[in-house]
Amino acid sequence: MKKLISRLALLAGGLLMLGQAHAGYTPTADFWECANKVGGTFTHGRVPSGCDVASFGPDSFVRGSYGQAIFNDASYNTANANDPISVAERKRYMQEMYPIIRDASERYLKARKPGVLPDELAAYQRGVFALLRQESFWSHYRDAQLAAGQPFLLKMVRGDNGHGHGMMQLDDRYHFVPLQEGKGWNMLQNFSYAIDIYYDGWQKAPASCLGGATTGTGTAAQIDEYWRSRARSAWSAYNGGPTKVCRWQNTADANVAKDNGYRDNYDLRRWLPDVADLARAATIDVACLMDMGSACPLPTSGGPTPNTLMKLGSAACVLVGETLECVDDLRDAACLGSRTTFDDSVATTIYAAAVTGRARIDHNRHQLCRAGTPGLQSLGSAIATSVPLELRSSVGGMLLGTLPAGNYQVLDFELRGVLKQDRYYRVRGTLTSGAAQDGWILAGDSATHAGIATAAAPLAAGAIAYPGDWVAVNVTTSLNLRASPPSGTVLTTMPRGAVVQVKEVYGTASANNLYYRTEYLGKDGWFFAGNLYPTSTLASWAVPAAAPASPTKHAHCPTGTRYDIHSRQCMSATSVYGPFTAAATQACLDGGAGAVCTAGRGVVVDGALLQLQLWNKATNTAAVGNGDCPRGASRSVAHRFHCAEAVVRNGAAETDVYGPFGTGLVNACLSATGNAAFCRSNRWPGSVYTALQP
């Protein structure tokens, strides 16, 4: 979410007006872009005035995405607000709106303050509820008619002579561009954009008005009064500007009536009489509409149809031929663009009964998204950004600050747009303001990503263990080491406190369930390390540990190179070392690179001379691909989930297994084969690997 004109915007006027005489002024006329203006009344949902939503965005999106959160004048007696049908429609509307604002305000505050305590959250939400009552009577969308006999059209509230847009009343003279981007007509984008200034006042209040206290102490009444004062401070800043955070304490201020009006709304909770069920779930997708806005697919219903994005339960699916191919969450729908063409702006809801008996493939997001998106970096890998980037609380969400160019670890990723392939990464870093923060960056699209964020060597410890890092088991009793993730054969158990070296990281599902490969008691296997979405549980499973005095290697590489987590190959600053798969080698030849594709170069690994292929990074990227395994290889359950490739040598079918192979395995291989050179490389005969497994 963009900051409100560098926080210089002021909020004033009857219905709040964001911005006064500051830079960025656009001299819009009163009721600019206001078609078919209607009046209203100062009751919940009907505050005057209203103008056609269609001037800024499609009615179909509002009706499809916001459902019943539209006040319906056709079910309201506009001449009598106390008529039972009027009361019923007002209560229906508020019952829809309350859980939306409840969930949106909770999501906002937890994004800004992940460890927020329940009493602060409750007070903040109450303050937001009072703000909406004070400013717009919780009004945003309304179906209304110009006059009797005229059609009912979808309206959006407009205040302050039409300059204020939506329930948060963004002023078009000071927020002209954001309003054109949808921050007015789209209700939760309107909320997400504007609520940032209320939060700014909330944060400034302790130091400015409350004697430095950041939480309430004392009796229950004293604690309640503290949070009440903090909410009043936030609203004074919201209404009067960032310098007016303590305005409510000055009873001689010209705006005392406004401050007292907000106080009364906070104290009396004037929204409550119209809300019967405070615990009812929201009927709209609050998270998607806050994060993605008009990019949220429109919900429709129907049966399985080619070239159509379908929502089946929580999964996103497309038809490829007669097969249903799916990912487990709609946020990864764009990754299905590598399987077939479809419009990702609309999602048709289908039900299990409609696809009974149909073949179905459920893709792992980490494999599908990578393989179909050149340059998309993998979970847990390091990236280097070349320019400062905005850090947001979610994809397309609230702006947290600016992240300087630097080295960061990928904690999550999302792809947006089947064609454009905008790639977003969740990272952790220190903002230019000095605050440490988790958030999301936009790292370019299919055309620009290489100039914004590229694969890099880790420069510091990550939240996710890098290959070579050591971790200690942190579960209560013991942790299973399995032959493959997520539920392969249990090889052994590792007790609490066991210290092991991470060789590889593998993720599954939209929750980013993480698995680490390690060697323990001579066994090469995987253990569950927690998940990262929506919040991290890594510390409950394994925590960073000091390396032993003589640490073993997680992978064996030529002198002067490193093992790269994303490509699973040894590389220097400019070159990548084989052995490469047969399929990648053929792709290299097909690409015209010539003899370099197959030539062996003399390199030293652990003091021994090996002949390995050596390609530059561009050749490697084109030939090996961006899949979870190198081109031609796939994960093999029979080989402890290493990448494996079926090949034919001397007329016989063989299997090659690709590393990483840690020191324990390498020493066992050398002993079993009489120091065979391949033991120190990243490719072994499958029969040798299998024979070494206890």
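Assorted remarks:
- Local electrostatic count, Y520, Cβ distance below 12 Å [Lys/Arg +1, Asp/Glu -1]: +2
- Between region 74-118 and region 252-275, the alpha-carbon center distance in angstrom: 17 Å
- Counting only residues at least eight positions apart within a chain, or on another chain, the aspartates and glutamates with an alpha carbon under 15 Å from that of K420 are D332, D343, D344, D445.
- Cα gyration tensor shape of region 121-197, rounded if a/c is under 1.5, else prolate or oblate by comparing a/b with b/c: oblate
- Ellipticity estimate at 222 nm from DSSP helix runs (n ≥ 4, -39,500 (n - 2.57)) divided over the chain, nearest 500: -7500 deg cm²/dmol
- Charge dipole (region 540-646, unit charges on Cβ, about Cα centre) - positive-most of A633, C588, P548: P548
- Per residue value of the accessible surface for the chain (all protein chains in place, 1.4 Å probe), Å²: 39 Å²
- Among C326, A315, A276 the positive-end extreme of the charge dipole of region 252-403 (Cβ point charges): C326
- Per residue Cα convex hull volume in Å³ - calculated over region 352-508: 178 Å³
- Student exercise, region 560-694 dipole from Lys, Arg, Asp, Glu Cβ charges, in Debye to nearest 20: 140 debye
- Net charge, A347 excluded, C-beta distance under 13 Å - Lys, Arg +1, Asp, Glu -1: -3
- Options Y563, S105, G507, ranked by Cα towards positive dipole end of the chain, top entry (Cβ charges): Y563
- Net charge dipole size for region 230-308 [Lys, Arg +1 and Asp, Glu -1 on Cβ; Debye, nearest 20]: 340 debye
- Based on C-alpha pairs under 8 angstrom that are at least 6 apart in sequence, the chain has a relative contact order of 9 percent.
- Spatial separation of Cα centroids for region 628-694 and region 357-380, in angstrom: 25 Å
- Cα centroid separation - region 558-603 against region 182-210, whole Å: 52 Å
- Note on the chain: with charges restricted to the Cβ of Lys and Arg (+1) and Asp and Glu (-1), its dipole about the Cα centre is near 980 debye.
- Hits among aspartates and glutamates - C-alpha to C-alpha of K91 under 12 Å, sequence gap 8 or more where chains match: D274, D277
- Carbon/sulfur fraction of accessible area - the chain, other protein chains in place, 1.4 Å, %: 54 percent
- Rel. contact order, % - alpha carbon contacts under 8 angstrom, at least six apart, region 378-439: 31 percent
- Cross-link partners of K204 among lysines, defined as those whose alpha carbon lies under 27 angstrom from its own and excluding same-chain residues fewer than eight positions apart: K2, K3, K110, K113, K183, K244, K258.
- Summing charges over all other residues whose Cβ lies under 13 Å from the Cβ of N250, with Lys and Arg as +1 and Asp and Glu as -1, gives +2.
The values are calculated or read from the model by the stated rules, or taken from the named source; none is laboratory data. On a predicted model such as this, the values are computed, not experimentally measured, just so you know. Cβ sites come from the backbone with ideal geometry, for glycine too, and all protein chains shown count toward neighbours. For the accessible areas, the whole protein counts, side chains as well, though only heavy atoms, and no ligand, DNA or RNA atoms are used. Shrake-Rupley method; radii C 1.70, N 1.55, O 1.52, S 1.80 Å.
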